[in-house]
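Notes for the one structure printed next.
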Amino acid sequence: MKIADILEAKGRVVHSVRPSSTVAQVVDRLGAVGVGALLVGDEQVAIRGIVSERDVVRGLREHGAALLEMPVTAVLTSQVRTCTPQESIALVMARMTTGRFRHLPVVDGRALVGMVSIGDLVKHRVREMEMETGVLRDVVIARH
């Protein structure tokens, strides 16, 4: 199975903020849309970074409540890894596990086409395993 299969099921909406957004605005947006990470992009929709709930918590530990008024650039992760729709779910899952990150933008050429989370990948893999189990159960029952 491919990343494109996950995007077909979950959609291709990518939530983002501008680099000038404050961390308070980021926290509000994360809560409002119910996601764990936002892309940080400029007017040309170039990816400048990604900010996750984990980044905010680490920033709060370092800066305290003053962080909320700071720009998102104070806490974002600037080295953003990506994947393509054609990559296998297993390969991307391994990359995310090894890199210890939970959200991955999906790009096709130069176009941003979606974002997947480790939760999306696990959910899809569990569904695959349930289907495989059902098929194996049917084969065993048919033999008896």
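Taken together, the values in this text are just the output of simple stated rules run on the coordinates, not laboratory data. Computed from a prediction, not measured in an experiment: that's the story for all the values here. Counting neighbours? That spans all protein chains shown, and the Cβs are built from the backbone with ideal geometry, glycine included.
The C-beta contact set for the stretch 20-37 (first residue in contact (Cβ under 8 Å) with a residue 24 or more places away in the chain, second residue assigned to a strand (DSSP E or B) and small (Gly, Ala, Ser), distance under 7 angstrom, 6+ apart or interchain) comprises Gly36/Ser52; Gly36/Ser117; Ala37/Ser52.
For the stretch 105-120, filtering for residues that are in contact with a helix residue (DSSP H, G or I) (Cβ under 6 Å, 6 or more places away or on another chain) and either of a type in the set (S, T, N, Q) or free of Cβ contacts under 8 Å to residues at least 40 places away in the same chain (or both) leaves 1. Which one is nearest to Ser78 (Cα to Cα), of the residues in the stretch 28-50 that are of a type in the set (A, V, I, L, M, F, W, C) and either surrounded by 17 or more Cβ atoms within 10 Å (Cβ to Cβ) or in contact with a Phe, Trp or Tyr (Cβ under 7 Å, 6 or more places away or on another chain) (or both)? Per the stated criteria, the residue is Ile50.
Of all residues in the stretch 108-125, those satisfying the criterion of being of a type in the set (Val, Ile, Thr) and either outside any helix (DSSP H, G or I) or more than 26 Å from Leu38 (Cβ to Cβ) (or both) are Val113, Val116.
The helices (runs of 4 or more DSSP H) falling completely within the stretch 1-107 that include 1 or more residues that are farther than 22 Å from His124 by Cα and under 13 Å from the mean Cα position of the chain (by Cα) map to 23-33, 53-63. Number of residues in the stretch 68-88 that are closer than 21 Å to Val33 by Cα, buried (at least 16 other Cβ atoms within 10 Å of the Cβ) and not β-branched (Val, Ile, Thr) equals 3. Residue selection: Leu60 satisfies the criterion of being free of Cβ contacts under 8 Å to residues at least 40 places away in the same chain and closer than 30 Å to Ala24 by Cβ. The residues on offer are Leu60, Leu91, and the sole one that is farther than 18 Å from Arg12 by Cα, crowded, with 16+ Cβ neighbours inside 10 Å, out of contact with any strand residue (DSSP E or B) (no Cβ under 7 Å at 6 or more places or on another chain) and not hydroxyl-bearing (Ser, Thr, Tyr) is Leu60.
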